[in-house]
Amino acid sequence: MPASTDLRFDTGRICLDLLATEGARLSAAPVERLDGTARLDQWLHRTGVLPEREPLTGDTDTLLAEFHALRALLHRIVHTELDGGRASAADLERLNRFAEPGPPALRLERADDGRLHRRLAGPVRPEQLLAAVADDAVRLLGSAERELMRECEGPTCDMVYLDTSRGRRRRWCSAAVCGNRHHVAAHRARKAGQT
Ligand SMILES: [Zn+2]
């Protein structure tokens, strides 16, 4: 089973993966997984926002704070919409401003090993890294795919994922995390009921 502080990449979308950098939000001890610039660097590469072998440079502390701000904004918008409400016009405008610079431009190049690789087409401005995630949110929330967004049924978990399973019956952010926790609790309850 993954450690609770491990980064998660199993929501199906990078904008939801950003929300998943905060875990167990409904518990007494929420988990901050994006807890430093090294983690942000790892996250940006694993999500593909930055191609491999392209280092994260510049004022990374400020960028980390901005990623936390984008995450808080996305959390408000996604959960408000999921709960049947309407995200505020001010929040939508904030998201649009994050998305406006557009993701970093990429080039396809063949490396010495003969494989194709993505490379940055030029220098990247930090706001483009935020824009890559905000743009993904605009595309998700602005399309019919938003109907596939589900909130995990785990009692302390509010992770949102895209349910692309057959029959749309996925109940958990992860079978190994919240699903397993649920099965253990149900098993204990059954055992308690037998005595
Ligand atoms: Zn969960």
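The values are calculated or read from the model by the stated rules, or taken from the named source; none is laboratory data. Bear in mind that the values here come from a model prediction, so they are computed numbers and not experimental data. Cβ atoms come from the backbone with ideal geometry, glycine included; neighbour counts cover every protein chain shown.
Tabulated data
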read-out	value
Residue in the range 98-121 that is exposed (fewer than 13 other Cβ atoms within 10 Å of the Cβ) and in a helix (DSSP H, G or I) present	no
Members of the range 163-195 that are closer than 14 Å to GLY12 by Cβ and within 14 Å of the ligand (Cβ to nearest atom)	ASP163, ARG170, TRP172, CYS173, SER174
Failed criterion for ARG33 (all others in (1) modelled with pLDDT of 95 or more; (2) over 16 Å from the mean Cα position of the chain (by Cα) hold)	(2)
Hey, ALA87 free of Cβ contacts under 8 Å to residues at least 12 places away in the same chain, small (Gly, Ala, Ser), under 22 Å from PHE67 (Cα atoms) and away from the ligand (no atom under 16 Å from the Cβ) or not	yes
Any hit, the range 124-138, residues being of a type in the set (Lys, Arg) and in a helix (DSSP H, G or I)	no
Residue match in the range 98-108 (condition: more than 16 Å from the ligand (Cβ to nearest atom), of a type in the set (Phe, Trp, Tyr) and in contact with a helix residue (DSSP H, G or I) (Cβ under 9 Å, 6 or more places away or on another chain))	yes
Residue within the range 9-17 that is aromatic (Phe, Trp, Tyr), touching an Asp or Glu at 6+ places or on another chain (Cβ under 9 Å), in a loop (DSSP other than H, G, I, E, B) and touching a residue at least 12 places away in the same chain (Cβ under 8 Å) present	yes
Any chance LEU108 is within 30 Å of PRO55 (Cβ to Cβ) and in contact (Cβ under 8 Å) with a residue 12 or more places away in the chain	no
Filtered residue count, the range 30-53, keeping only those that are of a type in the set (D, E, K, R) and buried (at least 16 other Cβ atoms within 10 Å of the Cβ)	3
The range 136-162, subset within 13 Å of the ligand (Cβ to nearest atom) and either among the hydrophobic types (A, V, I, L, M, F, W, C) or in contact with a strand residue (DSSP E or B) (Cβ under 7 Å, 6 or more places away or on another chain) (or both), residue nearest to GLU93 (Cα to Cα)	VAL160
